[in-house]
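Scroll down for the structure; my scribbles are underneath it.
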Amino acid sequence: MANKVYKDAKSALEGVLSDGMMVMCGGFGLVGIPDKLIRAMRDAGVKNLTCVSNNAGIDGAGLGLLLEAGQVKKMISSYVGENKTFAKLYLEGKLEIEFNPQGTLAERCRAGGAGIPAFYTKTGVGTEVAKGKETKIFDGQEYVMERGLVGDVALVKAWKGDTSGNLVYRKAARNFNPMMATAARICIAEVEELVPVGQLDPDHIHTPGIFVNRILCGAPYDKQIEQRTIRKA
Amino acid sequence: MAWTREQMAARAAKELKDGYYVNLGIGIPTLVSNYVPEDVDITLQSENGMLGVGPFPLDNEVDADIINAGKQTVTELKGTSYFSSADSFAMVRGGHIDLSILGAMEVAENGDLANWMIPGKMVKGMGGAMDLVAGVRRVIVTMEHVSKDGASKLLKECSLPLTGRRVVDMVISELGVFDIDKKGDGGVTLIELADGVTVEEVKAKTKAKLSIDAGLKVA
């Protein structure tokens, strides 16, 4: 089998990057984001990116790093409220934004990865999201047509992975990663723990290795928390 | 003496039924989980991919990988499950969630909802709100009855960009509880008054077509 394992994020991105490419990025808030790959992409200096990601990171973390470095031309996201850099760039006209309802965004990526060019949803009917899009009545209910999305590269983060690219996510860090992994011409996965093939329980694999072209171990991870909320004992 | 935010949340909790799967928005809706009646067992869904959301963690229980859709740290319960965002919105869009409680900037008498953007100001995005109101079986809005500048938020028509068309079933404000006829043109019906609030005050602060329920309860 062809080798999929790379020693670090920098080497895993070699030969993949080009200006103007579309990047599919897993994660919700800062949970499950491909932190090491984003940093390596910033260091590589690739520009004019279109990033498809539920959020845009925060100042100093996640896709916020690419925004601060001026590498992003357009974001396709559902919510970007946590990022001051984003607000500044947007108000200065240096950044385009296409808002998608969160479920529509997830389904666009799922559909794109599954070879489905378009689908109908009732989400957004009668709102600005539906403007200019085809609508159709099914069983008396109006639906709007949304397109599947396929990017040039997908960056995903998993908990465990094996050398053949099988991935297991941890808790709520799964989120957008499984769809993003399927929805690009090449998928690069960073994992907290990389194990030899055969060590993951086949029944517990979330993303089968067919979707993953390159894999690297990004440990150690220092996971940031956006809203640390606790209760008293 | 209108209702406080806590009282609005407590009133919304009375709409919960045993066995419900529920999605709660940020703000007053989040408080609803503090008032679930003892004989009612509900399961909270968080659209980032968690079903069976527990309370905030103790300081030594915090796990960076366990958050709700507001990016707050939360905990697991017995029976909690995790899933992808696509599966999460299959639950939402597919009508598998019984109730969604969320906030609003404006609600119209036909059930139109606006809660995601104010043109000309920085826009943050709709997140999962459009999917939730389009897909969840029953939608309850908790909101202040009037805006900070005194304008009614319960209107004939929304002036802000919509989140969903004909989606709201009920509004709970500090003044009372209102049924919305989202399928027809019956408008808004006042079904319950908050403590010390008069029908006259509700009428003065409501711009929607308003009827008073024959069995109106005064809290």
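The values are calculated or read from the model by the stated rules, or taken from the named source; none is laboratory data. All values derive from a computational prediction rather than experimental measurement. Note: ideal-geometry Cβ built from the backbone for every residue, glycine included; neighbour counts use all protein chains shown.
Of the residues in region A:153-181, how many are more than 12 Å from the chain's Cα centre (by Cα), touching a residue at least 60 places away in the same chain (Cβ under 8 Å) and more than 9 Å from chain B (Cβ to nearest Cβ)?
3
When A:Ile97 is evaluated against the numbered criteria (1) buried (at least 18 other Cβ atoms within 10 Å of the Cβ); (2) more than 14 Å from B:Gly135 (Cβ to Cβ); (3) within 10 Å of chain B (Cβ to nearest Cβ), which criterion, by number, is the only one it fails?
Evaluating A:Ile97 over (1) buried (at least 18 other Cβ atoms within 10 Å of the Cβ); (2) more than 14 Å from B:Gly135 (Cβ to Cβ); (3) within 10 Å of chain B (Cβ to nearest Cβ) leaves (1) as the failure.
For region B:95-130, how many residues are more than 12 Å from the chain's Cα centre (by Cα) and assigned to a strand (DSSP E or B)?
Residues in region B:95-130 being more than 12 Å from the chain's Cα centre (by Cα) and assigned to a strand (DSSP E or B): 3 in total.
Working only within region A:191-233, note down all residues that are within 14 Å of chain B (Cβ to nearest Cβ), part of a loop (DSSP other than H, G, I, E, B) and without any contact (Cβ under 8 Å) to a residue 24 or more places away in the chain.
A:Pro220, A:Asp222, A:Arg228, A:Thr229, A:Ile230, A:Arg231, A:Lys232, A:Ala233 - these are the residues of region A:191-233 that are within 14 Å of chain B (Cβ to nearest Cβ), part of a loop (DSSP other than H, G, I, E, B) and without any contact (Cβ under 8 Å) to a residue 24 or more places away in the chain.
Could you please tell me which pairs satisfy a Cβ distance under 8 Å, a separation of 6+ or placement on different chains, a first residue in region B:71-94 that is in contact (Cβ under 8 Å) with a residue 60 or more places away in the chain and at the interface with chain A (Cβ under 9 Å from one of its Cβ atoms), and a second residue that is surrounded by 17 or more Cβ atoms within 10 Å (Cβ to Cβ) and β-branched (Val, Ile, Thr)?
Pairs that qualify, where the first residue is in contact (Cβ under 8 Å) with a residue 60 or more places away in the chain and at the interface with chain A (Cβ under 9 Å from one of its Cβ atoms) and the partner is surrounded by 17 or more Cβ atoms within 10 Å (Cβ to Cβ) and β-branched (Val, Ile, Thr), are B:Val92/B:Val136.
Could you go through region A:102-118 and let me know if any residue there is more than 20 Å from the chain's Cα centre (by Cα) and not basic (Lys, Arg).
Checking region A:102-118: not a single residue is more than 20 Å from the chain's Cα centre (by Cα) and not basic (Lys, Arg).
Among B:Ala214, B:Ala151, which is more than 30 Å from B:Ala86 (Cβ to Cβ) and either of a type in the set (Val, Ile, Thr) or modelled with pLDDT under 95 (or both)?
Exactly one residue qualifies, and that residue is B:Ala214.
Taking region B:34-70 on its own, how many of its residues are free of Cβ contacts under 8 Å to residues at least 12 places away in the same chain and away from chain A (no Cβ under 11 Å)?
Matching residues across region B:34-70 total 1.
State all residues of region B:174-192 that are in a strand (DSSP E or B) and in contact with a helix residue (DSSP H, G or I) (Cβ under 7 Å, 6 or more places away or on another chain); if no residue qualifies, say none.
B:Gly176, B:Val177, B:Leu190
Can you find a residue that is within 13 Å of another protein chain (Cβ to nearest Cβ), surrounded by fewer than 24 Cβ atoms within 10 Å (Cβ to Cβ) and among the small types (Gly, Ala, Ser) anywhere in region A:51-65?
yes
Yes or no: region A:168-190 includes at least one residue that is in contact with a Gly (Cβ under 8 Å, 6 or more places away or on another chain) and over 24 Å from A:Gly57 (Cα atoms).
No, because not a single residue in region A:168-190 is in contact with a Gly (Cβ under 8 Å, 6 or more places away or on another chain) and over 24 Å from A:Gly57 (Cα atoms).
Which of the residues that make up region A:123-139 are surrounded by fewer than 22 Cβ atoms within 10 Å (Cβ to Cβ), in a loop (DSSP other than H, G, I, E, B) and within 12 Å of chain B (Cβ to nearest Cβ)?
Selection gives A:Gly126, A:Lys131.
When residues of region B:113-148 are filtered for being β-branched (Val, Ile, Thr), within 25 Å of B:Gly49 (Cα to Cα) and at pLDDT 95 or above, how many remain?
So the count comes out to 6.
Could you check A:Val144 against (1) crowded, with 20+ Cβ neighbours inside 10 Å; (2) part of a loop (DSSP other than H, G, I, E, B) and say which number it fails?
(2)
Take the residues in region A:69-94 that are touching a residue at least 12 places away in the same chain (Cβ under 8 Å) and of a type in the set (Lys, Arg), then tell me which one is nearest to the other protein chains (Cβ to nearest Cβ).
A:Lys84
Give the residues of region B:145-160 that are more than 13 Å from chain A (Cβ to nearest Cβ) and surrounded by 18 or more Cβ atoms within 10 Å (Cβ to Cβ), sorted by residue number.
Correct list: B:His145, B:Val146, B:Lys153, B:Leu154, B:Leu155.
Which is of a type in the set (A, V, I, L, M), facing chain A (nearest Cβ under 9 Å) and touching a Gly at 6+ places or on another chain (Cβ under 7 Å), of B:Ala129, B:Ala134?
Of the residues listed, the single one that is of a type in the set (A, V, I, L, M), facing chain A (nearest Cβ under 9 Å) and touching a Gly at 6+ places or on another chain (Cβ under 7 Å) is B:Ala134.
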